[in-house]
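Working notes for the structure below.
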Amino acid sequence: MKIHYSPLFLLFFIGFLGFSQEKSTGPVIEDYGPVFKIENPDFKTDTSQEFKVVFDVMDSPDSHTEINKKLETAARFLNLHAQSGIPVEQLKAALIVHNVASKDITTDEAYQKRFGMPNPNSGLIQALLDAGVEVIYCGQSSMARNFPKEDLIPGVKIALSAMTANIQLQNQGYRPIKL
């Protein structure tokens, strides 16, 4: 007797899809930062707390066409906490960008001049700025990598250094997450 496993596998796979969950974006950043909904976690989230985080982003994909997932972490942070019932006014996020990630916060025009295409991160950065995320660029990287203020997406701030911005934000109660 010959057993055919293909129909069994297909049935199992379709059944598994019913249990798998899709990621979703929003409500803070609609087009970026997809997250899974976690039902009834054992470690409960205190929705009365203020969540203040600073993401230190220094790396970037080798490809000039890829979005920088490390920058997108800020969108995931906002979306997952808002989806979990934390009021948006209790969510504070900042990005400190330096090193090779410098290119990811430039205007489409500046990116086009250097890499021959629009910046794949410009929509993400604009959405983060619109959501109140502070995007801070290391002044030392600006000089060393030749990305002057006029090449940056409007709203990006230049600091003396990434180190300086990190210290100041930590002194204001922001918790650092290095990516």
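The values are calculated or read from the model by the stated rules, or taken from the named source; none is laboratory data. If you're wondering where the values come from, they're calculated on a predicted model, not measured in any experiment. As a convention, Cβ positions derive from the backbone with ideal geometry for all residues, glycine included, and neighbour counts pool all protein chains shown. Note: accessible area is taken over every heavy atom of the protein model, side chains too, but ligands, DNA and RNA are not part of it. Shrake-Rupley method; radii C 1.70, N 1.55, O 1.52, S 1.80 Å.
Just a few scattered comments:
- Cα Rg, Dmax (largest Cα-Cα span) when computed across the stretch 47-122, Å: 14.6, 47
- Here the 3J(HN,Hα) profile of the stretch 164-177, calculated from phi with Karplus coefficients 6.51, -1.76 and 1.60 at θ = phi - 60°, is 4, 4, 4, 4, 4, 5, 5, 5, 8, x, 6, 9, x, 10 Hz, Gly and Pro shown as x.
- Annotation: Cα Rg of the stretch 85-125 relative to the compact-globule expectation 2.2 N^0.38 Å equals 1.55.
- Cα-based helix-to-principal-axis angle, 5-19 vs the chain, degrees rounded to 10: 50
- Close amide-amide hydrogen proximity is noted between I158 and Y137, each under 5 Å apart and 5 or more residues distant or on a separate chain (H modeled in the peptide plane; Pro and chain starts excluded).
- Cα centroids of the stretch 94-139 and the stretch 163-179: 19 Å apart.
- Translational diffusion coefficient of the stretch 124-166 (Stokes-Einstein, Kirkwood radius from Cα pairs, 37 °C, 0.692 mPa s): 307 µm²/s.
- For the stretch 29-75, the set of trypsin sites (Lys or Arg not before Pro) satisfying both a DSSP loop assignment and a count of at most 13 other C-beta atoms within 10 Å is given as K37, K44.
- Apportionment of accessible area to carbon and sulfur, the chain, percent (1.4 Å): 58
- Taking every alpha-carbon pair under 8 Å whose residues sit at least 6 apart, the chain reaches a relative contact order of 24 percent.
- Among (i) 74, 45, 23; (ii) 68, 50, 32; (iii) 56, 31, 27, the entry derived from the coordinates for Cα extents along the principal axes in Å: (i)
- Beta bridges assigned by DSSP with both partners in the chain are antiparallel in approximately 10 percent of cases.
- Computed FRET value (nearest 0.05) for E22 with Q49, which takes r as the C-beta separation and R₀ as 30 Å: 0.60
- Simple label model, 7 Å out from Cα along Cβ direction - E30 to K69, nm: 2.6
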